[in-house]
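The structure under discussion appears below in the form of structure tokens.
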Amino acid sequence: MDEHKIRTEYVNRDRQVISDVLKNRFYPMVSSRSKDSYIFDVEDHKCLDMSSGWAVMNAGYGNERLANVLYESYKRDGFASLVSGMSVESITLAEMLIQMTPGNFEKKVWYGLSGSDANEFIAKMVPQVKKGKKIITFKGSYHGQTMGAYAISGHPSLQGFGGKGTYLDFPNCYRCKFKQEETCNGECYKTFEEQLAAIGIAKSDVGAIEIEAFLCDGGDMPFPAEYMQTLEKFCHENDAYLIIDEVKTGMGRSGKWFCFEHAGITPDVVVVGKALGAGMPISAVIGPKELMDAGIAQHLFTTAGNLPLCALAIENIKLLEENNLLENADERGKQLLDLLKNLQDQTDVIGDVRGVGLSIGIEFVQNKDSKEPDGDFTARLVYRLFELGLVCFSTGEFSNVIEWTPPLTITEEECKDAVKILQQAILDVKSGMVSDEDIAEYILGSC
């Protein structure tokens, strides 16, 4: 008899009607309800959510204050498209975002529905302003699913469609290409211009450089502050835009509103999405006037920036600030890194632990000496974590990094619980508790 009869019924129905093109599944989670840092499935299986739905639910689940704002604004005016009209809320939110981002220059805001269409704006509009010059990005970067965003993404899973971008090696400190893991001499950023020249790119050919201040789907790695500062200097000297993709790390996840703030830089353009709308579809690009006004009606969406979504985003920003959730992200992030590094010392399968605030990557290897990635172990581990009541996903070029991006509301005790569950899951997978059959239909840790 199937002990998960209800779940199995929905899994089978999903197979029949939901397109595989939409799926990146890791286990048979059929969610039913959620509250604070927990998700419950249709069989009332309770899971501590260490993902926030891919870093979306920064304010936690089921917040009544946000729900009421969305309800009241929708009831009052459920649409108010910006394409051919205006709303007080869209103007107010834009003013808030401009105020939140550094830079003493005239800025404007574009609204979209996702990080993908926001980075599509970059792919379409930057070449118009910079007269066809190149947009430089980094290997492992994940800027979105639309065709232009695909083209500027360096993640292996996004290389099958559209044009090919211009990518540099991401500065992976755990797997340093300059063999400087112990004592960093900064070769990756000191030789940045040499790296450009090596792939045939003149400084005058660069129109923009776009980075993730914390490489997320590429393996959850911080972009070194010194490297970001080098890129800022290069862009200023060569009339290029420095663009920071904060779709996944923005809105307080790093312990600051934006992850790039830890490097003390001032980008020209900031891209946000995911957590901006607390689970509802809204994204934004904040940038200089000449870029934001580069063309009329050249990249617009009928429902983008509508009144209810902007009202929700405004209240979300206020809630994150008033409830001190940025401070909690910083404190709980430090706590998790300490706990995870202690666990790392106790096991041979954790090669590296890194993070900024509540963006954390745990890299799994066959052994610490060889650093050989172990994607198969990681896939089994993610599955077993779900069985034990913890939701998270895996990322990276080798699908061997577990990403932890919990709600910023997570508590000290919940952090302790998460690491205890991970410790148990490692032991269980090592003992063979997750079979090939268990994970056969799920992507092996693919992102």
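The values are calculated or read from the model by the stated rules, or taken from the named source; none is laboratory data. As the structure is a computational prediction, the values presented were derived from the model and not from experiment. Methodologically, a virtual Cβ is constructed for each residue, glycine included, from the backbone with ideal geometry; neighbour enumeration extends over all protein chains shown. The area values use the complete protein model at the heavy-atom level, side chains included, leaving out ligands, DNA and RNA. Shrake-Rupley method; radii C 1.70, N 1.55, O 1.52, S 1.80 Å.
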> Limited to segment 246-284, what total is found for residues that are open to solvent by less than 10 Å² (accessible area, probe 1.4 Å), in contact (Cβ under 8 Å) with a residue 40 or more places away in the chain, of a type outside the set (A, V, I, L, M) and in contact with a strand residue (DSSP E or B) (Cβ under 6 Å, 6 or more places away or on another chain)?
Replying inline: 8
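Select from segment 323-354 the residues that are of a type in the set (Gly, Ala, Ser) and in a helix (DSSP H, G or I) and write down the one among them that is farthest from LYS420 (Cα to Cα). Break it down into steps so the answer makes sense when it comes.
Looking only at segment 323-354, we keep the residues that are of a type in the set (Gly, Ala, Ser), and these are 329, 333, 351.
Checking the rest, the ones that are also in a helix (DSSP H, G or I) come to 329, 333.
On the way: ALA329: 20, GLY333: 16 Å.
It comes out as ALA329.
Being exposed (fewer than 14 other Cβ atoms within 10 Å of the Cβ) and either part of a helix (DSSP H, G or I) or in contact (Cβ under 8 Å) with a residue 40 or more places away in the chain (or both) is the filter here; which residues of segment 78-90 pass it? Working first, answer last.
Filtering segment 78-90 for residues exposed (fewer than 14 other Cβ atoms within 10 Å of the Cβ) gives 78-79, 83-86, 88.
Hits for segment 78-90 are GLY78, PHE79, VAL83, VAL88.
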> If you go through segment 396-438 one residue at a time, how many are open to solvent by less than 10 Å² (accessible area, probe 1.4 Å) and modelled with pLDDT under 95?
Replying inline: 1
> Within segment 127-145, restricting attention to residues that are buried (at least 24 other Cβ atoms within 10 Å of the Cβ) and of a type in the set (S, T, N, Q), which residue is farthest from TYR241 (Cα to Cα)?
Replying inline: SER141
> How many of the residues making up segment 298-322 are without any contact (Cβ under 8 Å) to a residue 60 or more places away in the chain and either under 16 Å from MET86 (Cβ atoms) or part of a loop (DSSP other than H, G, I, E, B) (or both)?
Replying inline: 1
> List the pairs whose first member sits in segment 97-117 and is in contact (Cβ under 8 Å) with a residue 12 or more places away in the chain and among the polar types (S, T, N, Q), whose second member is open to solvent by 30 Å² or more (accessible area, probe 1.4 Å) and part of a loop (DSSP other than H, G, I, E, B), and whose Cβ atoms are under 9 Å apart, counting only residues at least 6 apart or on separate chains?
Replying inline: THR101/TRP257; THR101/THR266; SER114/GLN145; SER114/THR146; SER114/PRO281; SER116/GLN145; SER116/THR146
> With (1) open to solvent by 50 Å² or more (accessible area, probe 1.4 Å); (2) of a type in the set (Val, Ile, Thr); (3) outside any loop (DSSP other than H, G, I, E, B) as the list, and ILE39 as the residue in question, which single condition is left unmet?
Replying inline: (1)
> Do we have LYS124 as without any contact (Cβ under 8 Å) to a residue 60 or more places away in the chain, of a type in the set (D, E, K, R), open to solvent by 70 Å² or more (accessible area, probe 1.4 Å) and farther than 26 Å from LYS256 by Cβ here?
Replying inline: no
